[in-house]
Each structure stands twice: as structure tokens, then as C-alpha cells.
Amino acid sequence: EAAPTAEETISYGMPAYKLNGVLVYFGGFKNHCSFFPGGNALIEEFREDLKAYKTSKGTIQFPLNEPVPVGLIKRMVKAKVKKNLAKTKTRTSAKALSKKV
């Protein structure tokens, strides 16, 4: 819903969504579900919203005995879409400039 044109894929043996690069990975484990937003930047950006969950560099763990915070995940995915699109625009601009030189 947060990235309707994203492509579902398997990457590094995990389900993932890609849109101008990887958006997020996710996986289920014995005691938790993990959400991997592609690095630590998004975790830092949403630090306050994530304080109820166990986090580590690049990983958020959601306990199996609690509802998954769908609204929070949607906001994080939307933020990651913006970051990926911005990176793509920057790369495209840099390539265009290098061709002019």
C-alpha cells in the first residue's frame, strides 16, 4: 500500500520490496518478526516511534505476541521511497553532468 509500484523479490534469501533499489526486507523468526529498512538511517529517523521495540543496526524486531505496527511500517516505507527516489534523481543528474564535461 505504501509503495504500490514496488516489486516483490527475494534478496539475500529474504522477502523484500524494491523500488529504485531495495526498500525493505522482512523475515519471521521463532520469537519475533524482523523488519530491515535497508540500513540504520531510517531507524534513527523514527527512533522515537521505535522505542517500544528492540532495534539494532539496520533491524527492528516486532514481538510475535503483539500486533505488528502497520501504520508505523507504512510511514517508514513511504520515507524510504522518498530517499530512494531522491538518490535516483541525484545519480541521474550526476550522469547527465558528466556527459556534458
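The values are calculated or read from the model by the stated rules, or taken from the named source; none is laboratory data. Just so it is clear, the model here is predicted, and its values are computed rather than measured. Ideal geometry is used to build each Cβ from the backbone, glycine not excepted, and the neighbour counts take in all protein chains shown. Each accessible area value is taken on the protein alone, full model and side chains, heavy atoms only, with ligands, DNA and RNA left out. Shrake-Rupley method; radii C 1.70, N 1.55, O 1.52, S 1.80 Å.
Where in the chain is the longest stretch that carries no chymotrypsin sites (Phe, Trp or Tyr not before Pro) classed as loop by DSSP and with at most 12 other Cβ atoms within 10 Å? The partial results should precede the final answer.
Numbers: sites that count: Y12, F29.
That would be 30-101.
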> Using a 1.4 Å probe on the protein chains only, how many percent of the accessible area of region 1-63 belongs to carbon and sulfur?
Replying inline: 52 percent
>> Per residue, how much accessible surface does the chain expose to a 1.4 Å probe? Answer in Å², no decimals.
In response: 68 Å²
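As an exercise, identify the GluC sites (Glu not before Pro) in region 37-80 lying in DSSP coil whose Cβ has no more than 11 other Cβ atoms within 10 Å. The partial results should precede the final answer.
Values: sites: E44, E45, E48; in loops: E48.
Those satisfying the criteria are E48.
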> How many nm separate the modelled label positions at E48 and S11, each set 7 Å beyond the Cα in the direction of the Cβ?
Replying inline: 3.0 nm
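Report, in debye and to the nearest 20, how large the dipole of the chain comes out about its Cα centre when Lys and Arg carry +1 and Asp and Glu carry -1 on their Cβ.
Here the chain has a charge dipole of around 660 debye.
Relative contact order of the chain, please, whole-number percent, based on alpha carbon pairs below 8 angstrom and at least 6 residues apart.
Details: 121 pairs, mean separation 24.2, N = 101.
Relative contact order for the chain comes out at 24 percent.
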> Helix-derived [θ] at 222 nm for the chain: sum -39500 (n - 2.57) over DSSP H runs of at least 4, divide by residue count, nearest 500?
Replying inline: -12000 deg cm²/dmol
>> Set the bar at 25 Å for Cα to Cα. Now go through K54/K80; K51/K87; K57/K80; K30/K54; K30/K57; K54/K87 and name every pair that lies beyond it.
In response: K51/K87; K54/K87
